[in-house]
1. Could you identify the single residue in B:PHE311, B:PHE320 that is within 20 Å of B:VAL282 (Cα to Cα), assigned by TED's automatic domain parsing to the domain that holds B:ASP255 and either within 26 Å of the chain's Cα centre (by Cα) or in contact (Cβ under 8 Å) with a residue 12 or more places away in the chain (or both)?
2. Looking at (1) in a loop (DSSP other than H, G, I, E, B); (2) within 16 Å of A:LEU136 (Cβ to Cβ); (3) touching a strand residue (DSSP E or B) at 6+ places or on another chain (Cβ under 6 Å), which is the only condition B:ALA152 fails?
3. Filter the stretch B:310-324 down to the residues that are part of a strand (DSSP E or B) and over 15 Å from B:VAL266 (Cα atoms) and list them by number.
4. Could you please give the count of residues in the stretch A:113-163 that are among the small types (Gly, Ala, Ser), facing chain B (nearest Cβ under 10 Å) and surrounded by 18 or more Cβ atoms within 10 Å (Cβ to Cβ)?
5. Checking B:GLN118 against (1) farther than 18 Å from A:ARG133 by Cα; (2) part of a loop (DSSP other than H, G, I, E, B), only one condition comes out false. Which one?
6. Could you tell me which residue of the stretch B:148-165 is nearest to the other protein chains (Cβ to nearest Cβ), considering only residues that are of a type outside the set (Lys, Arg) and over 22 Å from the mean Cα position of the chain (by Cα)?
7. Do we have any residue at all in the stretch B:131-144 that's within 14 Å of another protein chain (Cβ to nearest Cβ), among the basic types (Lys, Arg) and surrounded by 12 or more Cβ atoms within 10 Å (Cβ to Cβ)?
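The values are calculated or read from the model by the stated rules, or taken from the named source; none is laboratory data. From a predicted model like this one, the values you see are computed outputs, not experimental measurements. Cβ: placed from backbone, ideal geometry, glycine included. Neighbour counts: every protein chain shown.
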Amino acid sequence: MSRRGLIATLLLLVLAALQLAMLAVPAALILAGQPTASWPLLWQRLVDGPAPLAALVALASALILGAPAGIALWRRGWGLVTAMVLAPLLLPVALLGGSGDVDGQAILLAGHASLGLALGAGCCLLGLLPVDRRLLQAAASSGVSPAGAYRRVVLPLAMPGIAAGCLLTAAASLATSLVALALTMTQGRTASLASLPHLGASPLLSVLGVALLLCAATAAALALLRRP
Amino acid sequence: MRSPPTSPPTTPPARPPAAIAILRASATRLGLAELNLTVAPAELVTLLGTGTGPSAVLALLAGFARADAGELLVAGFAFDRTPAHHRGLGVVPRGLALFPHLDVAAHAGFSPGVTRAQAEAVLHRLGLTSFARRLPHQLSPELRLRVALARALAPAPTVLLLDDPLAGLPTGSRAAVKDLLRALCTERGMAVLHATGDVAHALGLSDRIGVMQAGRLLQLAAPRTLYEDPVSLSVATSLGPVNRLAGTKLDQEDDIARIRIDSSLVVEAKLVDEIADGAACVVTIRPERIAVAGSDMGEGAIPARLVEALFEGEHTRLRFALGDSAIALIASRPAGLPPPRGPAVSLAWQPHHAHAFRPEAA
């Protein structure tokens, strides 16, 4: 191995070790019950609230809706529809916060499901982009039905993307709940769409407005980018 | 006979006598004009043409595109409405479309109903047995083509469609692959339809070649016939290197015309199109048909100046300027013969080796 190769390998291993420590140390502290700052309290609140359910819903949505949507988008290559499916990724995280209240729980879960769909579809699509669509034709010529072609050819090739989508979805869903929780801890409640006005003067409309504007702009940009 | 498998048939056609026939099929969306083509068992026919024409015909047959009129008959079955996966044809798609996550053995056994023994037999026939556990990206281009062939041939199809399989192969392995394809075609009695845009891929492989242009089949014939008796200027120019000389027809005797190509130069050529005396025409002559002599060869010979001689291995490429003009002419000469001496030479050819056509709109 060349000297540069050796340095790159060492750097990579050091980074990997640091990343592992970043997960292992807080996890060990929590498991050992060491109170460091507000961590355990926040953690307790998070687990007690709707966050785990929201994360599960998001994960299920990424798998059941997102992955097939990603495959369908790869098959058709529709830029505008892709942008529409991915649009919820631009929502400010606080909007999808976990609420301790029962009211608005359906909206909350729908929000997380939408997040899961977007991430699941996006990662699946990204994983499939380099795959030649003619593989489907080759499979059909070999006498394999369309369903069989998806099962035997597309799904295995999409697997890394789908796995990445699930991982990101779970992380993003929990992080979203956590941010909302941290923002509103002092009031004893968390931000949901219903409780958001507590955060400031009249934020809901302006936040939604900005979000919609961003969505439209990004959708247009993505659609233009995909034009050959 | 027309059997109408509108819904997926319960069993694919069980080895009927192999023959591809496309009857009165046209597809405007694919830019295909009406086409009439039949491929017999153990025959290899190449569709040669620039653009998407040849590939579009294969797409029609394979079921990736729909003909908008006419009948599509494969081995006696009307295939217009049969979905691709019920057609039972062997297909090697453009770019091969191998499955990146499956090894060689999995490709051979990919088709439903292919037994382990069948898969092993086809791997053995194609010399892939020792590569059975390799993935496509670990193989050379020629081996990848063999894998695509194994996938297509394992279910023992009677019809094989090849979409430019020689593209991307190094020139050195072309001859061996052509031999393999011919051998497979003969020993399995398959009707093989091959599409390409490269005449070098078509010659030395095909029993017949169909020259396509702008979605039309211009001429379908044996390679030698196409090469020596093209029906049109397009066919003549698509079959390898050819000289084109613009001129004016003077007169004719039987089918041999005298054509003035310059104020002082008159050549003879066989008339292919009907051309009136005094009308403009184009003369084509293949480089290897031109005889080169150091001195005057007598009546009918053309004085010329040697501009350049390029050694190309099996032959030498000679570039001449005709008479006193700047009209260029390429002649090729077997490498065993010494190049002509001196810049001043004379050129001659048999009148029936040159062809006179009406000029075509560019």
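1. Details: B:PHE311 fails: within 20 Å of B:VAL282 (Cα to Cα).
Answer to the selection: B:PHE320.
2. (1)
3. In the first step, residues of the stretch B:310-324 are kept if they are part of a strand (DSSP E or B); the result is B:310-311, B:315-322.
B:LEU310, B:PHE311, B:HIS315, B:THR316, B:ARG317, B:LEU318, B:ARG319, B:PHE320, listed by residue number.
4. Going through the stretch A:113-163 one residue at a time, the tally reaches 7.
5. Single failed check for B:GLN118: (2).
6. Start the filter on the stretch B:148-165 by keeping residues that are of a type outside the set (Lys, Arg), which leaves B:148-150, B:152-165.
Of the ones still in play, those that are also over 22 Å from the mean Cα position of the chain (by Cα) are B:150, B:153-157.
Values: B:ALA150: 11, B:LEU153: 11, B:ALA154: 8, B:PRO155: 6, B:ALA156: 12, B:PRO157: 9 Å.
Once the filter is applied, the top-ranked residue is B:PRO155.
7. Yes, some residue in the stretch B:131-144 is within 14 Å of another protein chain (Cβ to nearest Cβ), among the basic types (Lys, Arg) and surrounded by 12 or more Cβ atoms within 10 Å (Cβ to Cβ).
Residue-wise test of (1) in a strand (DSSP E or B); (2) surrounded by 19 or more Cβ atoms within 10 Å (Cβ to Cβ).
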residue	(1), (2)
B:ILE275	no, yes
B:PRO303	yes, no
B:GLU308	yes, no
B:ALA326	no, no
B:SER332	yes, yes
